[in-house]
Amino acid sequence: MSVVSNKSFAEFQLRPMQIEDLDTVMAIEPLIYSHPWTRGNFSDSLNVGHSAWVLAQDNKIIGYALLMIVLDEAHLLNLSIAKTYQKQGLGRYLLEHMLAISKKYQAVNMFLEVRASNVSALALYENMGFNEMAVRRNYYPATNGREDAILMGLAL
């Protein structure tokens, strides 16, 4: 396991996600989510041109994010860091990249949904300035039925 120290991310690479990356992404996804995205979700996003990025260390994918831009709004669809690399600032690093991409496309707001139970993600988004806008009741599938999503937004 690599430990990120002093917030130096020089050893990590960000690059656009390719279809060839999906085997690795699909190996990470079910290890961090009880109801992971499907290969079809990822390939559909790539096929329609969503901004999709991977975070790698020594050419090994350890995280990824997908962003949909519609007019002047950015919607963060997925932001994930492999389990053994979490809690090291890499989620923030990847989110900062996605915010920069959003601004490049002249988005004025970014929106996202996050599981109400995902305390770490909620803390990250709040720390980055996102505000809770609404609760989407029973939005996500869950082991015991459905789970609420917190809709969050950030003015860029």
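Six or more apart or on different chains, Cβ atoms under 7 Å: show the pairs whose first residue is in region 97-120 and of a type in the set (Val, Ile, Thr) and whose second is assigned to a helix (DSSP H, G or I) and buried (at least 18 other Cβ atoms within 10 Å of the Cβ).
Val114/Ala121; Val114/Tyr125
Just wondering, is there one or more residues in region 61-77 that are free of Cβ contacts under 8 Å to residues at least 12 places away in the same chain and of a type outside the set (Ser, Thr, Tyr)?
Restricting attention to region 61-77, the residues satisfying the condition of being free of Cβ contacts under 8 Å to residues at least 12 places away in the same chain are 70-71.
Okay, now just the ones that are also of a type outside the set (Ser, Thr, Tyr), so 70-71.
There is at least one residue in region 61-77 that is free of Cβ contacts under 8 Å to residues at least 12 places away in the same chain and of a type outside the set (Ser, Thr, Tyr).
Looking only at region 95-108, decide whether some residue is more than 13 Å from the chain's Cα centre (by Cα), among the small types (Gly, Ala, Ser), surrounded by fewer than 19 Cβ atoms within 10 Å (Cβ to Cβ) and not in a helix (DSSP H, G or I).
no
Is it the case that Asp58 is at positive phi, among the charged types (D, E, K, R) and loosely packed, with under 14 Cβ neighbours inside 10 Å?
Criteria met by Asp58.
Which members of region 44-83 meet the condition of being closer than 20 Å to Ile101 by Cα and among the small types (Gly, Ala, Ser)?
Within region 44-83, Ser45, Gly49, Ser51, Ala52, Ala56, Gly63, Ala65, Ala74, Ser80 qualify.
Looking only at residues in region 25-35 that are surrounded by fewer than 17 Cβ atoms within 10 Å (Cβ to Cβ) and within 20 Å of Met98 (Cβ to Cβ), which one is modelled with the highest pLDDT? Show your work before the answer.
In the first step, residues of region 25-35 are kept if they are surrounded by fewer than 17 Cβ atoms within 10 Å (Cβ to Cβ); the result is 26-27, 30-35.
Checking the rest, the ones that are also within 20 Å of Met98 (Cβ to Cβ) come to 32-33.
Numbers: Ile32: 93, Tyr33: 86.
Filtering region 25-35 for residues that are surrounded by fewer than 17 Cβ atoms within 10 Å (Cβ to Cβ) and within 20 Å of Met98 (Cβ to Cβ), the one modelled with the highest pLDDT comes out as Ile32.
Looking at Ala155, Ala100, Ala56 in this structure, which one is of a type in the set (Gly, Ala, Ser), farther than 24 Å from Asp21 by Cβ and modelled with pLDDT of 95 or more? First the steps, then the outcome.
Numbers: Ala100 fails: farther than 24 Å from Asp21 by Cβ; Ala56 fails: farther than 24 Å from Asp21 by Cβ.
The unique qualifying residue is Ala155.
Is region 144-155 home to any residue that is in a helix (DSSP H, G or I), without any contact (Cβ under 8 Å) to a residue 60 or more places away in the chain and not acidic (Asp, Glu)?
In the first step, residues of region 144-155 are kept if they are in a helix (DSSP H, G or I); the result is none.
No, every residue in region 144-155 fails to be in a helix (DSSP H, G or I), without any contact (Cβ under 8 Å) to a residue 60 or more places away in the chain and not acidic (Asp, Glu).
Ala142 - would you say it is more than 16 Å from Phe12 (Cα to Cα), touching a His at 6+ places or on another chain (Cβ under 9 Å), modelled with pLDDT under 95 and not hydroxyl-bearing (Ser, Thr, Tyr)? Full working, then the answer.
Numbers: more than 16 Å from Phe12 (Cα to Cα): yes; touching a His at 6+ places or on another chain (Cβ under 9 Å): yes; modelled with pLDDT under 95: yes; not hydroxyl-bearing (Ser, Thr, Tyr): yes.
Considered against the rule, which asks whether it is more than 16 Å from Phe12 (Cα to Cα), touching a His at 6+ places or on another chain (Cβ under 9 Å), modelled with pLDDT under 95 and not hydroxyl-bearing (Ser, Thr, Tyr), Ala142 comes out as yes.
Identify, by number, the condition in (1) of a type outside the set (Lys, Arg); (2) assigned to a helix (DSSP H, G or I); (3) out of contact with any helix residue (DSSP H, G or I) (no Cβ under 6 Å at 6 or more places or on another chain); (4) more than 24 Å from Gly153 (Cα to Cα) that Ser45 doesn't meet.
Failing condition for Ser45: (4).
When the residues of region 71-94 are filtered to those that are among the charged types (D, E, K, R) and outside any strand (DSSP E or B), which remaining residue is surrounded by the most Cβ atoms within 10 Å (Cβ to Cβ)?
From region 71-94, those among the charged types (D, E, K, R) are 72-73, 83, 87, 92; that's our starting set.
Pick out the ones that are also outside any strand (DSSP E or B) and you get 72, 83, 87, 92.
Details: Asp72: 12, Lys83: 12, Lys87: 11, Arg92: 16.
The selected residue is Arg92.
The values are calculated or read from the model by the stated rules, or taken from the named source; none is laboratory data. Only a predicted model underlies this, so the values are computations on that prediction, with no experimental measurement involved. Virtual Cβ from ideal backbone geometry, glycine too; neighbours counted across all protein chains shown.
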